[in-house]
Every structure is written in structure tokens, then in C-alpha cells.
Amino acid sequence: MRRLLILVVGLAVSAASADTTSVCHDCGGREGMPMQEGPPRGRAGGDLAGDYPDPEVVGLRGREISSTSPDNNSILVYESSRWNPVEPGGDVAGEVADLEVVGLRGRELATTTPRSGYALVYTGFRWEPVGPGGDIAGGIGDAQVTGLQGRPLSTEYPETGDVLTWDGWRWTSAPPARVRGETPLPSPPADDWLEEFGGVRLVGGRASVELSPGFLSRVRLDGSSPFRVFLQQTAGDPIAVTVRKAAAGFAVLGPGSAEAEFDFRVVARRAPGEGR
């Protein structure tokens with residue numbers, strides 16, 4: 001009897017110690033399947049390679065990662081259908097967390113410290129910060145013209161009707177009478193003048209205008225009282241032209257192939273005895 005009791009107890013202890021596998025009670029219809037404990041075992045797949053529990057990451061979302069050993073500060077760049085370790089370069093330099101722009105489209109950027117108002121100027125082999133100079137002063141956003149073709153421009157404020165005049169060492173504003181080499185015309189009463197208006201088209205660098213007989217019959221035209229011609233270009237590329245006067249009109253002469261349009265105004269003194 002004692003031997004039988006010992007045998008039953010021994011079998012119970014052996015069965016209890018052997019049943020260490022947990023049973024899954026919520027396995028999607030696989031009730032009673034054993035659930036593995038501890039790290040996974042077997043072959044890895046997807047973006048992993050090798051065997052568990054020590055697989056390696058060999059891809060990102062199905063894209064291969066190059067096996068090339070990266071250098072310090074390398075970053076992963078997707079090129080040639082895989083992720084490759086690449087060091088920052090080209091127009092940037094430094095650590096990834098503290099990159100600096102050292103060029104623009106492959107052209108070197110100077111390390112010179114710029115001042116307020118400077119602009120980047122390409123000097124032929126690199127970009128350099130340069131401040132306005134020559135005939136310009138101030139910052140790029142607030143530049144002022146201080147000269148013309150290297151000659152200084154006076155800071156005096158002009159008066160209405162002034163013209164820009166060269167006084168020998170600088171450009172300054174002055175009334176028309178002070179223009180060197182020009183004699184001011186007298187200012188007769190306004191009703192002593194007659195005017196004719198019109199338009200003219202320059203073709204092949206030349207155009208001619210005949211003044212109307214009615215206008216010519218009412219004005220005084222001689223050496224002491226010539227008529228005046230004023231032109232304003234209204235079409236075509238801007239060009240410089242010359243006016244050549246004749247007895248009953250004038251010609252407009254420009255570059256040989258020029259085509260342009262002008263409005264004209266002709267002014268002449270009223271003939272003696274001509275009613276106002």
C-alpha cells in the first residue's frame with residue numbers, strides 16, 4: 001500500500017513539472033494551440049535578413065540598403081534603386097546637424113563676412129559679397145545715384161524747370177539759361193506763336209514732313225526767326241534722331257534700318273500783320 005501511494009504521488013509530480021507550456025485561448029479559431037515563450041526563432045524576412053534572435057536590417061520599406069560601410073557623418077540617400085551612405089557635399093559642408101552653404105550651383109561662395117546692404121556678385125570664379133559702388137551709394141534696398149559715368153552728382157535740390165548741367169567738376173541742377181554754349185530765347189507773349197501738330201513714321205531710318213500751307217502763310221520764317229521742331233517717340237525701339245529743316249518742312253533722320261513713330265510739334269513766330 002505504501003509503495004502504491006509513493007508511485008501515484010511520483011507520477012503526479014512528474015506530470016505537473018512537465019506541463020510548462022502555456023495554452024492560447026484566443027488564437028483566432030486555433031483554440032488550444034501552444035503559445036511560444038521567449039524571443040522569436042527561425043529565419044527573418046522582409047527588410048530583415050539572417051536568423052532570429054539576431055537579424056540585420058537590410059532594407060527600408062522593401063528598398064535595399066547598401067552594404068557599403070558608411071563614414072562618419074554619412075547620411076542615407078536613395079539612388080540607383082537602393083539606399084546608399086553618402087557624405088554631404090556639393091554646395092554644403094559640415095555635420096548633418098550643422099550644415100553650411102559653401103556654394104551656389106557648383107560655384108564657390110566666398111567666406112568674406114558681408115556688411116549690411118551687400119549683394120552677392122559673381123566675380124568670375126566665385127560668389128562674393130559686394131557693396132554698391134561707383135555711381136551708386138547706400139544699400140541695395142535703398143540705393144541712391146550719386147554720380148553719372150564716374151562724375152559726381154550735386155546734392156543740391158533742383159528747382160522746377162532746372163536742367164542737369166556740367167559745371168566743370170560735377171553735375172548740378174541749373175536753369176536752362178546757364179547751360180554752357182546755349183543762348184536763351186526771348187520769351188514773347190504766348191499769342192505771338194503759332195503751332196502745328198502731327199505724327200510721322202520713320203521707315204529705313206528716314207521720314208519727311210511737309211508743313212501745311214495754311215501754317216506757313218501765317219508765320220515768319222527767316223534767319224532770325226526759324227521754326228522749332230519738338231519730337232516725342234511713340235512706337236518702336238528707342239533711338240536717337242536728327243531733325244534737318246527745310247523751307248517748308250523738315251526731315252527726321254535715324255539709324256539706317258530704324259523703324260519708329262513720332263509725334264511732332266512745330267512752333268514758329270506769327271508773321272507781322274497776321275491777326276491774332
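The values are calculated or read from the model by the stated rules, or taken from the named source; none is laboratory data. Note that this is a predicted model, so its numbers are computed, not measured. Ideal geometry is used to build each Cβ from the backbone, glycine not excepted, and the neighbour counts take in all protein chains shown.
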Spot the failing condition for P88; the list is (1) surrounded by 10 or more Cβ atoms within 10 Å (Cβ to Cβ); (2) out of contact with any helix residue (DSSP H, G or I) (no Cβ under 8 Å at 6 or more places or on another chain); (3) at pLDDT 75 or above; (4) under 30 Å from F125 (Cα atoms), and only one is missed.
(2)
Restricting attention to region 34-55, which residues are under 53 Å from the mean Cα position of the chain (by Cα) and loosely packed, with under 12 Cβ neighbours inside 10 Å?
G45, G46
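In region 3-22, is there at least one residue being modelled with pLDDT under 85 and assigned to a strand (DSSP E or B)?
Taking region 3-22 and keeping what is modelled with pLDDT under 85, we get 3-22.
This time we only want the ones that are assigned to a strand (DSSP E or B), so: none.
No, every residue in region 3-22 fails to be modelled with pLDDT under 85 and assigned to a strand (DSSP E or B).
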Would it be correct to say that G62 is exposed (fewer than 10 other Cβ atoms within 10 Å of the Cβ), within 60 Å of the chain's Cα centre (by Cα) and at pLDDT 60 or above?
yes
In region 150-179, which residues are loosely packed, with under 11 Cβ neighbours inside 10 Å, in contact with a helix residue (DSSP H, G or I) (Cβ under 8 Å, 6 or more places away or on another chain) and not in a loop (DSSP other than H, G, I, E, B)?
none
